[in-house]
Amino acid sequence: MKRTVLVTGATQGLGAAMVRALDERTDFDVVLAVRDVGRGEAVAKTLRRPARVVALDLSSLETVRRFAAGWNEPLYALVNNAGVQHATDTPPTVDGYEETFAVNWLAVVELTLALLPRLEGGRVMNIGSGTHNPENTTATRFGYRGGRFTSVAALARGETDGATPSQRAKDRYATSKLVVMAGTAALARRFPKTTFLTLDPGLMPGTGLARGAPLVQRLAWSSVLKWVAPLLPDTSTPERSALAAVGLLTGAFTSVGVYDFEQQPSRRLWKGALDVDLQERIAQQTFSLLGVSS
Ligand SMILES: NC(=O)c1ccc[n+]([C@@H]2O[C@H](COP(=O)([O-])OP(=O)(O)OC[C@H]3O[C@@H](n4cnc5c(N)ncnc54)[C@H](OP(=O)(O)O)[C@@H]3O)[C@@H](O)[C@H]2O)c1
């Protein structure tokens, strides 16, 4: 029997590369969960085998809940790939939360918990980032200061101590990824019937992630950096990291740690993300904010 893999944010970048890599595997059915169905269908049309495209906007928790309530099939894997990074301050989501934190973490937990009954024996893959690590020189070179966890409630309100809108946006992204990388470990402990994996995909220049950045930075991201990238450490491509994701989804991996684009325990993981007290605070505060029991 075929195994269903649901990939969020599969319209471009890593998510689109993942569904293309999964398309090579005849034992999987792929579902693209996207906020723009037309763009999802455009990706699906490039695949060799039919793939379903379903609407899912992760910036609204009510939409996430409704989506999960309507999902009645068993899932082999949920890939929480969708992510957002802003270049400046932005208005809150419909729920009143800062969007980076809401999409990159709150929606991930809401969706995962709601789909867990369908995922027994299956896998959940979350996506981290080297930006969470204050000691990662590739990230600090680009102005990231690492994850700066305060509390889930404060991060949901968008609070950071960054002096400029640009620094605040970077802090929010890096912190959301610290929360993903640390918080996933706490989820893995709570729900042992499902395997939780975190992929640290490396720097993948050229994806849509920099779309809100000023023009010069966008040009650098989509052209210069893309070509210089192979010379830098920690750098991958969506295709390479997608292959790693498929390997992690299919290989004998356990719910321990964070894996890189070579399917090895990530050397970019900050020791602070391994702090069990931090991991548990993230989980408990997130469950409390979402109104679910822990
Ligand atoms: N690129 C990098 O260097 C890098 C490094 C480390 C980690 N990552 C992570 O890798 C993942 C994929 O990023 P990417 O680089 O491939 O970026 P991308 O090309 O911008 O792709 C992001 C995907 O997320 C979707 N998305 C954003 N907000 C959404 C929402 N509210 N609801 C549903 N979908 C939403 C986007 O949909 P639309 O097409 O509709 O906008 C898009 O499909 C993210 O989790 C990112 O944080 C990226």
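The values are calculated or read from the model by the stated rules, or taken from the named source; none is laboratory data. Remember, predicted model here, so these are calculated numbers, not experimental data. Positions of Cβ are generated from backbone atoms using ideal geometry, with glycine treated the same way; all protein chains shown enter the neighbour counts. To get the accessible areas, we keep the full protein, side chains included, count just its heavy atoms, and leave off ligands, DNA and RNA. Shrake-Rupley method; radii C 1.70, N 1.55, O 1.52, S 1.80 Å.
Number of Lys-Lys pairs in the chain under 22 Å by Cα, sequence gap 8 or more or different chains?
Lysine pairs meeting both conditions in the chain amount to 5.
Whole percent per 5 Å bin, from 0 to the bin with the longest distance: what is P(r) over all C-alpha pairs of the chain?
Result returned by the calculation: 1, 6, 13, 18, 21, 19, 14, 7, 2, 0, 0.
Calculated FRET efficiency, VAL228 and THR137, Cβ-Cβ r, R0 22 Å, to nearest 0.05?
Approximately 0.90, to the nearest 0.05.
Ignoring ligands and nucleic acids, what accessible area does LEU219 show with a 1.4 Å probe (Å², nearest 10)?
Near enough 100 Å² of accessible area.
Sorting SER59, SER288 by accessible area (1.4 Å probe), largest first, what list results?
SER288, SER59
Computed FRET efficiency, Cβ-Cβ of GLN284 and ASP95, R0 22 Å: what is it to the nearest 0.05?
0.65
Residues in segment 115-157 near a label at ALA220, defined as backbone nitrogen under 13 Å from the 7 Å Cα→Cβ point?
Counting backbone N atoms under 13 Å from the label point, the list is 139-144.
Under the definition of Cα pairs under 8 Å and six or more residues apart, what whole-number percent is the relative contact order of segment 3-290?
19
Extension gain ARG190-GLU120, at 0.36 nm per residue separation less the Cα-Cα distance, in nm?
Length difference between fully extended and current span is 23.9 nm.
Might you tell me the accessible area per residue for the chain, computed with a 1.4 Å probe and given in Å²?
Here the per-residue accessible area is 43 Å².
Let's test the formula: R0 of 22 Å, r as the Cβ-Cβ distance of VAL276 and SER151. What FRET efficiency results, to the nearest 0.05?
With R0 = 22 Å, the Cβ-Cβ based efficiency is 0.80.
What residue among ARG141, ARG218, ARG65 shows peak mean-square fluctuation when the chain is described by a Gaussian network model with Cα springs under 10 Å?
The residue that fluctuates most here is ARG141.
What relative contact order, as a whole-number percentage, does segment 9-86 give when Cα pairs under 8 Å and 6 or more residues apart are counted?
Relative CO of segment 9-86 lands at 30 percent.
Carbon and sulfur together cover what percent of the accessible area of segment 3-290 at a 1.4 Å probe radius?
Of all accessible area on segment 3-290, carbon and sulfur atoms account for 56 percent.
Note down the accessible area of VAL224, probe 1.4 Å, to the nearest 10 Å².
Its accessible surface works out to 90 Å², give or take rounding.
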